[in-house]
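Comments concern the structure below.
The values are calculated or read from the model by the stated rules, or taken from the named source; none is laboratory data. Fair warning: this is a prediction, and the values are worked out from it, not measured in the lab. Counting neighbours? That spans all protein chains shown, and the Cβs are built from the backbone with ideal geometry, glycine included. Remember, those area values only see protein heavy atoms, side chains included, never the ligands or the DNA or RNA. Shrake-Rupley method; radii C 1.70, N 1.55, O 1.52, S 1.80 Å.
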Amino acid sequence: MSSGDHDMDANVYSPDGMVFQVDYAIKAVDAEGTALGVCCKDGVVLGVEKLIISKMVDPKSNTRVYAIDRQAGCVIGGMLPDGRHLVSRLRDEVQNFRGLYGIPCPGEIASKKLCKYTHFFTISGYRPFGAALIIASYADDGPQLYLADPSGQRYSFHAVAIGKGKTLAKTELEKIDFSKISCREALDEIAKVLYAVHDDQKDKQFELEFAWVTDDTEKCFTRVPDDIAEAAKTKGKQAAEGIEKN
Amino acid sequence: MSRSTYDISVFSPEGRLYQVEYSFKTLTTEALTNVGLVGKDCAVVVAQKKVPDKLLKVDSVSHVFLVTKEIGINVCGRVPDGAAILDDARQHAGEFHEKYGYQCDVTWLARRLGENAQHYTQHAGYRPLGNISILFAMEKDDMGVSHPKIYTVDPAGVAIGYYATATGQKDNEVKQVLEKAYKKDMTLEETIMCGIQSLQKSLGANENSLTAADLQISIVTADNPKCRFVDATTVEEYITKIVERD
């Protein structure tokens, strides 16, 4: 199943019926740091392992987590510029919905609209986006977690991971029933998973970023406060050492 | 390899459209099979259901949707392409209703979707969508009598009505089983059981291994033309009846 001459355009099938440009775009997402989302009983928590390219980078300037609306936000996995464009588009869609219907856009509809947009780039002469968004939303339809990937596919998840460490992360996430724990407890768990999947050999400098939308934040999507984040990171780092030894 | 295959939708010297042929290879992407059958006064679609990831919310996985309250669609192939086609179908049905003041019938919709699909096979810059749909509904003839109808619309734009058909990975196997097992004018119960059994035989499953969780069964009937799903308990009863019958 060689890609041969059929991998240069998204609007070209290979003889086996593959659209290689979409598969390559998904690889671009997997080349970046791990991003996670978990859907708990009282909200949704997002976390990301940001790989820092140089000591000179201002650590707080390079965010991967963005609010979409008051009650929803997302984390970008994969290429940051492509991801920022998707965030911009998603913000427009959600504001249009609010303007038209007068209510916050439910997570299901927001992700559907984004995926329709992303899908267009997988059938026409443009290249697909090399970024995936993990979308967290807490509107009238309750806590929702969606993954919108470069193929335009979207599913609703209990927990999701993308990026370099996604396989190991998924294995760890499957062990926990997030629907029974609170966001605060889940934060410790995802900090542990992010430390566990981090590759110390290849990516020495990194930073963790967390955000959530919960009952405690009055269903407002915000960055996790520094003190809580630091506590979770310390706990997570210790717990992760347990995983790595196994 | 490059001279005998063509990357945009132009004719080869033998008069074939390779990109269209390649798009048919995508219909087995998810390794699912679906069966559509027409009974005396019912239309039934039995769709196989698989949840690809343990962390997925099971309710978010569906391949059968409502286009209008009375027309159902089963999509099969690339998931995002199926979502795009579902959206187009809903759009066309909605526009028809707005323009003419009554709901479109399934024959019209199937041909309209076929027209869309054909457009992608001829228009440079797009690839054919990797999806085959089964549309099903009760349709009134000129005398006002309702008849059940099933149409398939494939990536080449062919929209044909059937008494019984199958799409997906084991489509040919199911069709062979149906040619022997299908009878016209079956009752609702017989039609559903015929559908389940033809799927079981083609998947190579022994009688007990397909459960309600592996199937999505949706129906329309003359006494209730609204498209609806058969609940899990009833599906289990049908599966048990099939076992007892044999």
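I'd like the FRET efficiency for A:K27 and B:V145, computed as 1/(1 + (r/R0)^6) with the beta carbon distance as r and R0 of 41 Å, rounded to 0.05.
With R0 = 41 Å, the Cβ-Cβ based efficiency is 0.15.
At a 1.4 Å probe radius, which order do A:R184, B:R228 fall into by accessible area, largest first?
Ranked from most to least accessible, the order is A:R184, B:R228.
Mind running the shape call on chain B? Use the C-alpha gyration tensor, a ≥ b ≥ c as the square roots of the eigenvalues: rounded below 1.5 for a/c, prolate if a/b tops b/c, oblate otherwise. Show your work: numbers first, answer last.
Numbers: a/c = 1.74, a/b = 1.27, b/c = 1.37.
It is oblate, given that a/c is not under 1.5 and a/b is not larger than b/c.
Please compare each pair in A:K60/A:K202; A:K50/A:K204; B:K50/B:K226; A:K41/A:K237 to a cut-off of 19 Å on the Cα-Cα distance and tell me which ones are over it.
Correct reply: A:K60/A:K202; B:K50/B:K226; A:K41/A:K237.
What do you get for Rg/Rh over segment B:6-130 if you use C-alpha atoms and the Kirkwood form of Rh?
Checking Rg against Rh, the ratio lands at 1.01.
Label-point separation (nm) for B:E95 and A:S179, each offset 7 Å from Cα along Cα-to-Cβ?
About 4.0 nm separates the two model spin labels.
How would segment B:124-209 be classified by its alpha-carbon gyration tensor: rounded, prolate or oblate, with rounded meaning a/c under 1.5 and the a/b versus b/c comparison settling the rest?
oblate
Can you give me the C-alpha center-to-center distance between segment B:157-204 and segment A:46-65, rounded to a whole angstrom?
Distance between centres, Cα-based: 55 Å.
Once every DSSP H run of n ≥ 4 in chain B is given -39500 (n - 2.57) and the sum is divided by its residues, what mean residue ellipticity at 222 nm do you get, rounded to the nearest 500 deg cm²/dmol? Could you put the intermediate results ahead of the total?
On the way: 6 runs with 87 residues, N = 246.
Computed mean residue ellipticity for chain B: -11500 deg cm²/dmol.
Can you pull the one-decimal nm distance between simple spin-label points at B:S60 and A:R223, each 7 Å off the Cα toward Cβ?
For B:S60 paired with A:R223, the spin-label model returns 2.6 nm.
Counting residues in chain A as N, plug N into 2.2 N^0.38 Å and put the Cα Rg over that result.
Working: Rg = 17.9 Å, N = 246, 2.2 N^0.38 = 17.8 Å.
In units of the 2.2 N^0.38 Å rule of thumb, it is 1.01.
Can you work out the FRET efficiency for the pair A:D92 and A:Q238, with r the C-beta to C-beta distance and R0 = 41 Å, to the nearest 0.05?
Once the sixth-power term is evaluated, E becomes 0.45.
Largest first and to the nearest Å, give the Cα extent of the protein assembly as shown along each principal axis.
On the principal axes, the protein assembly as shown reaches 75, 55, 49 Å in Cα extent.
Just grab the label-to-label distance for B:F229 and B:S12, each label 7 Å out from Cα along the Cβ direction, in nm (one decimal).
Between B:F229 and B:S12, the label points sit 4.1 nm apart.
With unit charges on the beta carbons (Lys and Arg positive, Asp and Glu negative) and the dipole taken about the Cα centre of segment A:1-117, which residue among A:P59, A:G99, A:G17 sits farthest to the positive side?
Farthest towards the positive pole: A:G99.
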